[in-house]
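Okay, so here's the structure we're looking at.
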Amino acid sequence: MGRALFGVLGLFLLNILLYCGHAQDALLHIEPNWSPLFNGEKVTFICDSQEGNIADWVYSFNLNDHWTNYRPENTYTLSSLTTGDSGEYQCAASQKSSNVTRRSNKVSLSVSAKPKAQLRKYSPVAGSVTLTCSVGSSSSSRSSSSSSSGWKYFWYKDDKTSEPLKTGDDVLLQSGSFSHSGGGVYWCRGGRGDPVYYTEYSRPVVTNRADVKPNWPEIYSGETITLTCGIEEGGGSEWEYEWRTPDYYTPPHPRGSMMTSSVRGDYSCKGRLKDGASTTEWSDAFTVKTSAKPKAQLRKYSVGGHVTLTCSVESSSSSSSSGWKYFWYKDDKTSEPLKTGDDVLLQSGSISPSGGGVYWCRGGRGAPVYYTEYSHPVVTNRAVVTLQHDWPEIYSGETITLTCGIEEGGGSEWEYEWRTPDYYTPPNPRESMITSSVRGDYSCKGRLKDGASTTEWSDAFTVKTSDVPQPVLTVSPSWTSPGDSVTLTCSVEPPSAGWRFFWYQAVPELSLNYTYELLVGNTTGTEQDSYILHGQTHTAGYVCRAGRGDPVFYTLYSDVKFVWSGGEFVHTFIFLHKRINVLFVLTLFVLCVSPNDVFSGVNPAASLTVSPHRLQHFSTESLSLSCEGNSTEWKVMKADESGFMSSCSYWGQMTGSTCNTDTRASSGVYWCESATQSSNAANITTHNPEEAASSSVFLLLLVVGLVSGVLLIILLLLILCCYRKSKASSLSRSQRTNQSPATDHMINQGETQDGHYAALLHGDSCLYETIRGSGQCEPGTNDEPEESDYQNVMMETAAGTSSTTDHVVQYE
């Protein structure tokens, strides 16, 4: 066991001796082999085993006491050095076939901060300037290291961020000296390697002087101008500028220009590089002199109807660099300037207007824009008088508005003069005039307020007036049932635009007059010429009128039109009196009409009662018309067939609430009125007695014709009855022979029209009594109707045949 331990120790010592004898056999070097290296540069470590096949070796690198794992590559690259990468570096090469490991020499790596190029200016000969660029602190170090450091030099003028200067043979990059060909501001920097590693830019060197330049050759009072501190053949973002003005001194600031409101005096500047290393000398002083604010000049040229306007700004300087642009205005110089798509309008001093108008121009330059005074306006159009509303007719007394229009022009700069049939107006700023439509000629012209330009007098506008119109009101339907809707229509001839329609209810007074009250919700009128009344329940009168303009001009009121409510007369036939009742009931039966449907109606709050209680009367009769309702004072009104309205006092006598007519009644619509109410209406028709007799016979024949089928059966039964009582029948015929001539005349008329009708009225008493509905006839009995009864039959028959319109019985 002792021998074994001794053998192991011996082998260990042998390996130590072998290692110590071969530790420095590997060789480590770096590329590029520049010293110093700088932040951001790239370096590659190369490990050489110096023996055998390279593929039989693996390599490890010690980077500041940190060994990497073995790998077959013999290089290690640091892409972007930092100062923290400074230190000693070593590598080890290990042979895979023999497990022999060899260590390299140690290499010191020094990494410095990124260097800054040094730029110096030399003037060996007056007027000749040489610039020298280097990377290092002294000329000796520069000369000793320039060949091995690998630096090339890049030159920049005016702005170091621009592309570097170049020459055809690339000498500029190789050399550290440069003889410039003109004044300016120059920078340089060094660069080496691939890709190129650049140093910091040098500080700039100025080879020229500052100069103050204004933006315009002539400066005007109040104009904001720009003065530029120009570094001759130089300048850029590395500069700050100082100014001396008549009022103050400015500290350095980065703007090479200054804006001033053209204070008179001397201005000078100098340039200072931002790092403070270099400045120019103070420039020569620039003296600001100002002129009065100019006014643009506008001229008009006309050739063959073609108008050209030319704008210019007169100045003492004829320089083409005055910088003026021209702004054109139409109609109102305070409006936005005219524009064109390519902006030629602003650049050019001339335009050709495409239409009439009032034009101004002014010049402008700089930023913010300094404007000249506006030119005098030039008028290219004429004045025209127009009526504000396009109405086909103007009415006497109507207030109208006439406008003096400047064709394609006008505005707040204008005053207007008028010539009217009565007077001349001095210039005033209102372009419109209001007149009460005095007939005659009206003309105007426009005058600019500054008095520089006027139009010609316009063509005369002739005002012609018509009489105030009266609208026509129609109502539909004119006779209503309670709850019906009624349409009011108001028409004005001729129907011109602009009318609004106003609707009124005619409120009766105790006199014959009416007052008019606007219907609810109608204070501003309606654009439509019709108005619908919903749920009409009583007789009422309505009027309308139209209005237009401001102030409103109204037409006359229309005539009063009534909507009649028939009350108990609506859908009601007057009962046929006495013996004709049988025919009436039979007629209703044949027509399948219920008597309850016929005799229906709604009594209004105020009612009219007609006595005798029927709608058809003889003209020789007197009528009694009574008013009932919640009023103590009534008047009875009548509207005749022509629409003329009158009260009871004109054709009768009013006693309390009852009107008694004279001996001659007349046809018309009758109703009651108080200060708060209107009654139902009655459409009464009067006839002469002769006309009534003829009409009654005709109407009876018509009724008999309608029920002839039923009567045929009844007549057959009556004939059988008459044969049984032949004596009574003979006595009846004898009595008929003794009747009066007037009665015979009427009977003969009936006989000539229809024998059956005559037999019905004047046959034997059995037949007559059967129609009356009495008992059995007796021989020798003569029961003819009295004359008064017969007349009532005739009147009520006439009343019962009146025609009905809109569900209301209308009597002609």
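When residue 150 is tested against (1) of a type outside the set (D, E, K, R); (2) on the phi > 0 side of the Ramachandran plot; (3) at pLDDT below 65, exactly one condition is not met: (3).
Considering the conditions (1) among the hydroxyl-bearing types (Ser, Thr, Tyr); (2) open to solvent by 40 Å² or more (accessible area, probe 1.4 Å); (3) within 17 Å of residue 605 (Cβ to Cβ), residue 674 is excluded by exactly one of them, (2). Screening the stretch 411-475 for strands (runs of 3 or more DSSP E) wholly inside it with 2 or more residues that are open to solvent by less than 80 Å² (accessible area, probe 1.4 Å) and β-branched (Val, Ile, Thr) returns the ranges 461-463.
Summed over the stretch 545-559, residues that are of a type in the set (A, V, I, L, M) and either open to solvent by 10 Å² or more (accessible area, probe 1.4 Å) or part of a loop (DSSP other than H, G, I, E, B) (or both) total 2.
Evaluated against (1) under 30 Å from residue 547 (Cβ atoms); (2) free of Cβ contacts under 8 Å to residues at least 24 places away in the same chain; (3) part of a loop (DSSP other than H, G, I, E, B), residue 390 falls short on exactly one condition, (2). Pairing each residue of the stretch 172-197 that is outside any helix (DSSP H, G or I) with any residue that is of a type in the set (A, V, I, L, M) and modelled with pLDDT under 70, provided the two are 6+ apart or on different chains, yields C-beta distances under 7 Å for 178/172.
Kindly indicate the residue of the stretch 218-254 that is assigned to a loop (DSSP other than H, G, I, E, B) and closer than 22 Å to residue 161 by Cα and also most open to solvent (accessible area, probe 1.4 Å) among those meeting that condition.
233
Quick one: is residue 73 open to solvent by 70 Å² or more (accessible area, probe 1.4 Å) and modelled with pLDDT under 90? The answer is no for residue 73.
Listed by first and then second residue, the pairs linking a residue in the stretch 527-544 that is assigned to a strand (DSSP E or B) to a residue that is open to solvent by 20 Å² or more (accessible area, probe 1.4 Å) and of a type in the set (Lys, Arg), with Cβ atoms under 7 Å apart and 6 or more places separating them unless they lie on different chains, are 541/561; 542/561.
Restricting the stretch 52-66 to residues that are at pLDDT below 85 and assigned to a helix (DSSP H, G or I), the residue that is farthest from residue 109 (Cα to Cα) is 55.
Taken over the stretch 464-490, the criterion of being modelled with pLDDT of 90 or more and among the β-branched types (Val, Ile, Thr) is satisfied by 468, 472, 474, 475, 486, 487, 489. Here the stretch 175-227 is the region considered, the condition is being of a type in the set (S, T, N, Q) and touching a Gly at 6+ places or on another chain (Cβ under 6 Å), and the residue that is modelled with the highest pLDDT is 199.
Contact annotation: residue pairs with Cβ atoms under 9 Å, 6 or more positions apart or on different chains, pairing a residue in the stretch 622-637 that is within 18 Å of residue 612 (Cα to Cα) and part of a loop (DSSP other than H, G, I, E, B) with a partner that is at pLDDT 90 or above and of a type in the set (Phe, Trp, Tyr), are 623/670. The set of residues in the stretch 261-300 that are of a type in the set (Phe, Trp, Tyr) and within 58 Å of the chain's Cα centre (by Cα) comprises 267, 286. Can you say whether residue 397 is assigned to a loop (DSSP other than H, G, I, E, B) and within 17 Å of residue 380 (Cα to Cα), as far as the supplied structure shows? When the stated conditions are applied, residue 397 does not pass them.
Name the one entry in 365, 299 that is at pLDDT 80 or above and open to solvent by less than 30 Å² (accessible area, probe 1.4 Å). Just one listed residue meets the conditions, 365. Residue-level check: of (1) open to solvent by 30 Å² or more (accessible area, probe 1.4 Å); (2) more than 27 Å from residue 503 (Cβ to Cβ); (3) within 38 Å of the chain's Cα centre (by Cα); (4) without any contact (Cβ under 8 Å) to a residue 60 or more places away in the chain, residue 487 misses just (2).
For the stretch 356-387, residues that are in contact with a Gly (Cβ under 6 Å, 6 or more places away or on another chain) and free of Cβ contacts under 8 Å to residues at least 60 places away in the same chain total 2.
Among the residues in the stretch 339-361, are any touching a Lys or Arg at 6+ places or on another chain (Cβ under 9 Å), modelled with pLDDT of 85 or more and part of a loop (DSSP other than H, G, I, E, B)? No, there is no match, as no residue in the stretch 339-361 is touching a Lys or Arg at 6+ places or on another chain (Cβ under 9 Å), modelled with pLDDT of 85 or more and part of a loop (DSSP other than H, G, I, E, B).
Pairing each residue of the stretch 510-523 that is under 17 Å from residue 677 (Cα atoms) and in contact (Cβ under 8 Å) with a residue 24 or more places away in the chain with any residue that is open to solvent by 80 Å² or more (accessible area, probe 1.4 Å) and in a loop (DSSP other than H, G, I, E, B), provided the two are 6+ apart or on different chains, yields C-beta distances under 9 Å for 510/633.
The values are calculated or read from the model by the stated rules, or taken from the named source; none is laboratory data. Since the structure is predicted, the reported quantities are computational estimates derived from the model, not experimental observations. When we count neighbours, we look across all protein chains shown, and the Cβ atoms used for this are built from the backbone with ideal geometry, even at glycine. Accessible surface areas use protein heavy atoms only, side chains included; no ligands, DNA or RNA. Shrake-Rupley method; radii C 1.70, N 1.55, O 1.52, S 1.80 Å.
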